[in-house]
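Chemist: One structure coming up, written as structure tokens, with questions to follow.
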Amino acid sequence: MAIQGECPKCGKRVLHVNVETIVGIVDGSSKARCISHSCIHCNTVLSVEIDHRAKPRTRSSKPPATA
């Protein structure tokens, strides 16, 4: 069975998508690594989802204050 989806913006068949890793933001702070899928013809974002396979983001620790 072939996929018959069409891009909602340009109307072309969606046989391939651009996949990009992005960061989800909640209340101004980054919370999760996500994946974005966009149309290869017009770059319209088709979906975004949490990347459950991604490793957790490392928190940058502030260097200790020097006196």
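The values are calculated or read from the model by the stated rules, or taken from the named source; none is laboratory data. This structure is a prediction, so every number in the text was calculated from the model and none was measured. Virtual Cβ from ideal backbone geometry, glycine too; neighbours counted across all protein chains shown.
Chemist: For the stretch 1-22, what are the residues that are surrounded by 12 or more Cβ atoms within 10 Å (Cβ to Cβ) and closer than 12 Å to residue 51 by Cα?
Modeler: Correct list: 20, 22.
Chemist: Which of the residues spanning the stretch 22-44 are over 14 Å from residue 56 (Cβ atoms) and assigned to a strand (DSSP E or B)?
Modeler: Passing the criteria: 22, 25, 26, 29, 35, 36, 37, 38, 39.
Chemist: Do any residues in the stretch 12-35 that are modelled with pLDDT of 95 or more have Cβ atoms under 6 Å from those of residues that are of a type in the set (Ser, Thr, Tyr) and surrounded by 10 or more Cβ atoms within 10 Å (Cβ to Cβ), where the two are at least six apart or on different chains, and which pairs are they?
Modeler: Here the result reads 18/38; 20/36, each pair linking the stretch 12-35 to a residue that is of a type in the set (Ser, Thr, Tyr) and surrounded by 10 or more Cβ atoms within 10 Å (Cβ to Cβ).
Chemist: So, in the stretch 24-54, how many residues would count as being polar (S, T, N, Q) and over 25 Å from residue 13 (Cα atoms)?
Modeler: Of the residues in that region, 2 qualify.
Chemist: Looking at the stretch 36-51, which of its residues are surrounded by fewer than 12 Cβ atoms within 10 Å (Cβ to Cβ) and free of Cβ contacts under 8 Å to residues at least 12 places away in the same chain?
Modeler: Listed by number, the list holds a single entry, 47.
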